[in-house]
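Enquirer: Take a look at this one; I'll ask things after.
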Amino acid sequence: MQFQPVFEKIERPILIAGPCSAETEEQVLETARGLAPLGIDLFRAGIWKPRTRPGAFEGVGTEGLAWLRRVKQEVGLKTTTEVANTQHVFEALKYGIDVLWVGARTTVNPFSVQEVADALSGVDIPVLVKNPVNADLKLWMGAIERIYKAGIRRIAAVHRGFSVHGETKFRNAPLWQLPIELKRVFPDLQIICDHSHICGRRDILAPIAQQALDLGYDGLMTEVHPRPDEAWSDAEQQVTPFAYGEMVRHLTARQITTSNEDFLKSLDFLRHQIDEIDDRLMQLLGSRMKLADQIGEYKKQNNISIYQPTRWNEILEHAVEKGRALGLSEEFVAVVLKGIHEESIAHQSKVMHGPVLSA
Ligand code: PEP
Ligand code: MN
């Protein structure tokens, strides 16, 4: 597949910004007027909102498309909105929307993606394809391929993070290795980081945007609202046009590569992966200790001793064997597991009779 760029190559990141949802004509125009002087490349606003549960604001519908048309005509910004079915595509085209995007909840469903692709057949309009909600690279690739097969060549990917079970600091875990793999498979596909949906909160938007640029992303998609706290959807992650401008001003765009830059980039790429693995290790250890707490409770109820030598030997032997196959030395595995085991015993003891003094 040979993609064409959705955005002409420029020396700075491509900027897509606008509210999560179009709420009122005033809110849309006010946001656009706040963003236009910052030189953004594309104005976003959701017209039809796929909500996880019914009852939440589901978007203003077709009426909002006329507001986006005013953004284009009066403020001079190109516009984009999410489409999830044939009717959305036809309506958006009728109102002259410049770029369409396929949302995360649509990318997960090949029937829906195919419906959108069929509606686009013979139309020359750029399409952004968000990653699916779940961490499935093939679904993401499949959605891109379906749109491509409909004859669309100007396609870009939008990385908005993945839904994972359990508490994390992100609303949607970035799992950077997935978009990086996508870029490896489709090297000429532009890739945009939707850090708003990754973060789900304002305070970490800037470092995640910077991380995306450091990894060589082509641009950013950011949710911006004139009064974020009053937003009808995704209030916690939206920022004012002013705050957005400040964030963008402080970002460092990475330069065109020299061989030395290449080296640094690869190093960064590896380090980010290591950080992510470390985060996952911590989460796994946390989950393991929660299980230890439960076991402690159970042993207490049944009056069983905490330390079970046969069980510990089994765990150790199994891990050493597994580790060996993965190129890990026996000493290393033993040290790591011993630490984990000690912590696990401490957790169980605490459950049984309050905190113990460590050795
Ligand atoms: C959005 O961009 O407002 C949206 C609904 O995003 P996603 O499909 O990534 O959840
Ligand atoms: Mn949103």
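Enquirer: Of the trypsin sites (Lys or Arg not before Pro) in the stretch 150-234, which ones lie in a loop per DSSP and count no more than 14 other C-beta atoms within 10 Å?
Expert: For trypsin sites (Lys or Arg not before Pro) across the stretch 150-234 that sit outside H, G, I, E and B with at most 14 neighbouring Cβ atoms in 10 Å, the list reads LYS169, ARG201.
Enquirer: Can I ask one more? Mind giving me the nanometre distance, one decimal, between the label points for LYS290 and ILE180, set 7 Å out from Cα along Cα→Cβ?
Expert: 2.7
Enquirer: For THR24, THR168, THR31, THR252, what ranking results if the residue with the fewest other Cβ atoms within 10 Å of its Cβ goes first?
Expert: Fewest-to-most Cβ neighbours within 10 Å comes out as THR252, THR24, THR168, THR31.
Enquirer: Here is a further query. Want the number for ASP118 to SER349: 0.36 nm per residue separation, take away the alpha-carbon distance, what's left?
Expert: Values: separation 231, 0.36 × 231 = 83.16 nm, distance 6.14 nm.
Full extension from ASP118 to SER349 adds 77.0 nm.
Enquirer: Give me D for the stretch 123-170 in µm² s⁻¹, whole number, from Stokes-Einstein with Rh from the Kirkwood sum over alpha-carbon pairs, 25 °C and 0.890 mPa s. Provide the component values of the computation, followed by the final result.
Expert: Numbers: Rh = 11.9 Å.
The Stokes-Einstein estimate is 207 µm²/s.
Enquirer: Could you size up the charge dipole of the chain around its Cα centre, putting +1 on the beta carbon of Lys and Arg and -1 on that of Asp and Glu, and report it in debye to the nearest 20? Let's see the in-between values first.
Expert: Working: 41 positive and 47 negative charges, 76 e Å.
That gives a dipole near 360 debye.
Enquirer: From Cα pairs below 8 angstrom and at least 6 apart in sequence, can you work out the relative contact order of the stretch 14-249, rounded to a whole percent?
Expert: About 18 percent, as a whole number.
Enquirer: Moving to a separate point now. In bins 10 Å wide, starting from 0, what share of all Cα pairs of the chain does each bin hold, as a percent?
Expert: Using 10 Å bins, I get a P(r) of 5, 21, 27, 20, 13, 10, 4, 0 for the chain.
Enquirer: Is the shape of the stretch 92-180 rounded, prolate or oblate, going by the alpha carbon gyration tensor and its root eigenvalues a ≥ b ≥ c, with a/c under 1.5 for rounded and a/b larger than b/c for prolate? Write out the running numbers ahead of the final one.
Expert: Working: a/c = 2.29, a/b = 2.01, b/c = 1.14.
Cα axes put the stretch 92-180 in the prolate bin.
Enquirer: Tell me, what is a quarter of the convex hull surface for the C-alpha atoms of the stretch 1-139, in nm² with one decimal?
Expert: 9.4
Enquirer: Let me ask you something else. Rounded, prolate or oblate: which one fits the stretch 222-272, using the alpha carbon gyration tensor with axes a ≥ b ≥ c (rounded when a/c is under 1.5, else prolate when a/b beats b/c, else oblate)?
Expert: Prolate, since a/c reaches 1.5 and a/b exceeds b/c.
Enquirer: With labels modelled as points extended 7 Å from the Cα through the Cβ direction, what inter-label distance (nm, one decimal) is found for HIS318 paired with GLU30?
Expert: Those two pseudo-labels are separated by 5.9 nm.
Enquirer: For GLU230 and LYS265, FRET efficiency with R0 = 35 Å and r from the beta-carbon atoms, rounded to 0.05?
Expert: Rounded to the nearest 0.05, the efficiency is 0.30.
Enquirer: In deg cm²/dmol, rounded to 500, what helix-only [θ] at 222 nm does the chain give when every DSSP H run of at least 4 residues adds -39500 (n - 2.57) and the total is split over its residues?
Expert: It lands at -15500 deg cm²/dmol.
Enquirer: Taking the Cα centre as origin and putting +1 on Lys and Arg beta-carbons and -1 on Asp and Glu beta-carbons, what dipole magnitude results for the stretch 237-359, to the nearest 20 debye?
Expert: That gives the stretch 237-359 a dipole magnitude of about 360 debye.
Enquirer: If you average the alpha carbon positions of the stretch 100-167 and of the stretch 220-287, how far apart do those two centres end up, in angstrom?
Expert: Spelled out, the Cα-based centre of one part sits 22 Å from the other.
Enquirer: Still on this structure, I have one more. Would you mind checking LYS9/LYS183; LYS149/LYS183; LYS94/LYS183 for any pair whose Cα atoms are more than 21 angstrom apart?
Expert: Among LYS9/LYS183; LYS149/LYS183; LYS94/LYS183, the Cα-Cα distance tops 21 Å for LYS94/LYS183.
Enquirer: Can you give the longest run of the chain that contains no chymotrypsin sites (Phe, Trp or Tyr not before Pro) sitting in a DSSP loop with at most 15 other Cβ atoms inside 10 Å?
Expert: Counting at most 15 other Cβ atoms within 10 Å as exposed, the longest clean stretch of the chain is 58-306.
Enquirer: Can you pull the one-decimal nm distance between simple spin-label points at THR52 and GLU330, each 7 Å off the Cα toward Cβ?
Expert: Taking the simple label geometry, THR52 and GLU330 are separated by 4.7 nm.
Enquirer: Using the Cα gyration tensor of the stretch 261-353, with a ≥ b ≥ c the square roots of its eigenvalues, what is the shape: rounded (a/c below 1.5), prolate (a/b larger than b/c) or oblate (neither)?
Expert: Taking the square roots of the gyration eigenvalues as a ≥ b ≥ c, the stretch 261-353 is oblate.
Enquirer: Within the chain, what is the longest stretch that has no GluC sites (Glu not before Pro) placed in a DSSP loop and near at most 16 other beta-carbon atoms within 10 Å?
Expert: Here the longest segment lacking exposed loop sites spans 168-359.
Enquirer: Here's something else I'd like to know. For the stretch 183-246, what's the relative contact order in percent, using C-alpha pairs closer than 8 Å and at least 6 residues apart?
Expert: Dividing the mean separation by the residue count of the stretch 183-246 yields 32 percent.
Enquirer: Length gain on complete extension for the stretch ARG69 to TYR298, per 0.36 nm per residue less the alpha carbon to alpha carbon distance?
Expert: 76.1 nm
Enquirer: Could you give the dipole magnitude of the stretch 1-132 about its Cα centre, charging the beta-carbon of Lys and Arg +1 and that of Asp and Glu -1, in debye to the nearest 20?
Expert: 260
Enquirer: Viscosity 1.002 mPa s, temperature 20 °C: Stokes-Einstein D of the stretch 66-112 from its Kirkwood Cα radius, in µm² per second?
Expert: Answer, rounded: 189 µm²/s.
Enquirer: Quick check on the stretch 145-285: what does the Kirkwood estimate of hydrodynamic radius come out to from the alpha carbon pairs, in Å?
Expert: About 16.5 Å for the stretch 145-285.
Enquirer: Please work out how much length the chain gains when fully extended from THR310 to ILE10, using 0.36 nm per residue of separation minus the C-alpha to C-alpha distance, in nm with one decimal.
Expert: Result: 101.7 nm gained on full extension.
We did not get these values from a lab; they are worked out from the coordinates using the rules stated. Computed from a predicted model, the values in this text were never measured in an experiment. So basically every Cβ, Gly included, is an ideal-geometry build from the backbone, and we count neighbours across all protein chains shown.
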